[in-house]
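The structure appears below as structure tokens.
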Amino acid sequence: MRPRYWSNRVTLAAALGIAAFCIVSTTGAQQNQTANSRTATEGHAPRNPAEYDEMFNRIKNWGRWGPDDQRGAANLITDTSRKKAVALVKLGTSVSLSHNYLKDKAPDNPSPFEHVMNRGLQSDTYRVSYHGYAHSHMDGLCHMLYQDKTYNGYARTDALTESGCVKLGIENLKNGVITRGVLIDIPRLRGVPYLEPSTPVYTEDIEAWEKKSGVKVGPGDAVFLYTGRWARREKLGPWPLMTNSAGFHASVAPWVKARDVAFIGSDAVLDVYPELVQDSNGRDQANAFHILMIAALGVDIFDNLDLEALAQTAARLNRWEFMLTVAPLVVTGGTGSPANPIATF
């Protein structure tokens with residue numbers, strides 16, 4: 001079976017912000033999250049290969065920015081939208097969205113970050129297999145394929161080589177990303193400290209949050225889903241996210257297309273696991289939401305961010321939009337990059 005994440009190697013926060021919720025009232029809500037969400041899944045397509053294929057082909061952005069496009073939905077960020085993002089900065093308060101890189105092996109970190117001090121102890125070597133379930137990173141547009149084709153319809157053999165991606169490599173974001181970021185805090189919406197693993201988030205959840213927060217997602221935005229993954233990990237310990245994680249259901253993909261979202265990410269692995277979408281063998285479709293974002297829409301993904309400090313700051317300020325800045329490592333042909341996105345209020 002194809003692994004959910006390819007591996008490539010490079011050399012190289014705060015307390016939860018929802019303490020105001022009454023703990024007495026959250027226990028039952030936590031227990032019912034997954035059961036209620038799974039019941040709701042019955043009305044949310046795609047659920048099978050035919051529905052998935054239809055959705056992929058209906059929403060894909062192939063050719064939208066030309067047959068040779070290498071940037072995908074990043075094209076939605078313009079000089080005008082960057083200036084609007086800069087204008088969001090009122091206080092100058094900055095918050096990192098990266099988790100400290102994990103050096104210890106754990107159920108959610110099978111490939112720990114390697115940090116080796118060199119001779120003399122005045123230099124060091126970093127080594128990380130960053131795709132996966134632990135390390136904060138960006139996914140490039142050559143990271144996912146559907147039916148052996150990447151975003152914009154490039155064949156696998158024309159895009160991927162042993163020396164790297166000759167199409168859609170992460171170097172296409174060399175100039176960095178400056179845009180409006182929007183936080184979607186579903187635990188706060190539901191009155192719980194964090195989402196339980198396997199809890200799907202649907203379009204109606206996002207729109208309910210928009211109504212509550214007063215912020216509507218629009219073209220060129222970077223959207224971040226807070227699930228409380230790190231708060232739960234701190235309280236209960238690590239667990240295997242590759243089989244059991246809260247995240248977006250695949251049915252959210254048309255909403256992403258309709259709103260013209262440029263980037264999307266979460267504090268886990270973005271997709272709900274199990275995916276609740278069957279593949280042609282009747283098994284769970286791996287990377288269902290990832291594939292729709294990257295291969296269909298050309299939307300780069302942020303995985304395994306630490307949104308605890310962001311959620312706390314946003315709640316304190318009652319501001320759910322901010323300026324986002326991030327620049328990946330400029331690795332020609334890279335399938336992605338470790339990343340430290342910064343939110344500035």
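The values are calculated or read from the model by the stated rules, or taken from the named source; none is laboratory data. Just so you know, these numbers come straight off a predicted model, no measurement behind them. Here the Cβ is made from the backbone with ideal geometry for all residues, glycine too, and neighbour counts use every protein chain on show. SASA here: full protein model, heavy atoms, side chains in, ligands and nucleic acids out. Shrake-Rupley method; radii C 1.70, N 1.55, O 1.52, S 1.80 Å.
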*Filtering the range 48-103 down to residues that are assigned to a strand (DSSP E or B) and touching a helix residue (DSSP H, G or I) at 6+ places or on another chain (Cβ under 9 Å), which residue is farthest from Q285 (Cα to Cα)?*
V95
*Is it the case that V272 is out of contact with any Leu (no Cβ under 9 Å at 6 or more places or on another chain) and surrounded by 24 or more Cβ atoms within 10 Å (Cβ to Cβ)?*
yes
*asked:* When you scan the range 191-199, do you find a residue that is touching a helix residue (DSSP H, G or I) at 6+ places or on another chain (Cβ under 8 Å) and aromatic (F, W, Y), even just one?
replied: yes
*In the range 106-125, how many are within 29 Å of the chain's Cα centre (by Cα) and either among the aromatic types (F, W, Y) or assigned to a loop (DSSP other than H, G, I, E, B) (or both)?*
6
*So, of the residues in the range 282-329 that are small (G, A, S), surrounded by fewer than 21 Cβ atoms within 10 Å (Cβ to Cβ) and in contact with an Asp or Glu (Cβ under 8 Å, 6 or more places away or on another chain), which turns out to be farthest from G176 (Cα to Cα)?*
A286
*Return yes when E204 is over 26 Å from N109 (Cβ atoms), out of contact with any Leu (no Cβ under 7 Å at 6 or more places or on another chain) and open to solvent by 10 Å² or more (accessible area, probe 1.4 Å) and no when it is not.*
yes
*Taking S280 as the residue in question, decide whether it is touching a strand residue (DSSP E or B) at 6+ places or on another chain (Cβ under 9 Å), polar (S, T, N, Q) and not in a strand (DSSP E or B).*
no
*Collect the residues in the range 200-254 that are in a helix (DSSP H, G or I) and either at positive phi or charged (D, E, K, R) (or both), keeping them in residue-number order.*
E204, D205, E207, E210, K211, K212, R229, R232, R233, E234, K235
